[in-house]
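The values are calculated or read from the model by the stated rules, or taken from the named source; none is laboratory data. Here the structure is a predicted model, which is why all the values come from computation and not from measurement. Calculation scope for accessible area: heavy atoms of the full protein, side chains included, ligands and nucleic acids excluded. Shrake-Rupley method; radii C 1.70, N 1.55, O 1.52, S 1.80 Å.
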Amino acid sequence: MTIDHEMLSLLALQAPVATDLRLVSVIMHASGHLERIGDQAVNIAKLQEVTRELPTSHAILQMIGEMGDMAVAMIRCAMDAFRHRDISLCERLDGMDDPIDRMNRHMHLEVAKLAEDHDSLDWGCT
């Protein structure tokens, strides 16, 4: 919210044009995505707290870890692309989420496998 407020103040008081205006626009757009990433991280942490005592699935935990590693790599790539204004890094981002999407879809199959064990199913569906 602070970033958005400061960017709006900058727009109102400085009236940036051309490159500066594009930069302000990108910062405002990116800050919304970063906020959403932070919100999801909080949700994941809360789920871990809720499911701490339940039986777990090694396969699911491994997939979650791999998806997390891939997501961190994507964020690093995006930040580096922004920092260095590197279009080639931006272009790499387009396909970086495909493996995460595939793993997420596969996750539903792994959760379905937990159906025979009620406690594990509760953990997988939380």
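Below, the figures for the structure above:
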read-out	value
Whole-Å semi-axes of the ellipsoid equivalent to the range 34-120 (Cα gyration tensor, √5λ, descending)	31, 15, 8
Apportionment of accessible area to carbon and sulfur, the chain, percent (1.4 Å)	60 percent
Contact order normalised by residue count of the range 42-126, Cα under 8 Å, 6+ apart, percent	41 percent
Axial C-alpha extent at least 15 Å, average Kyte-Doolittle at least 0.0 - helices from the chain (DSSP)	2-14, 18-51, 58-84
Spread of Cα-to-Cα distances over 10 Å intervals beginning at zero, given as percent, for the range 1-78	15, 33, 24, 16, 9, 2
Solvent-accessible heavy-atom area per residue, rounded to whole Å², over the chain at 1.4 Å	74 Å²
Rounded to the nearest 10 Å², the accessible area of Leu8 at probe 1.4 Å	100 Å²
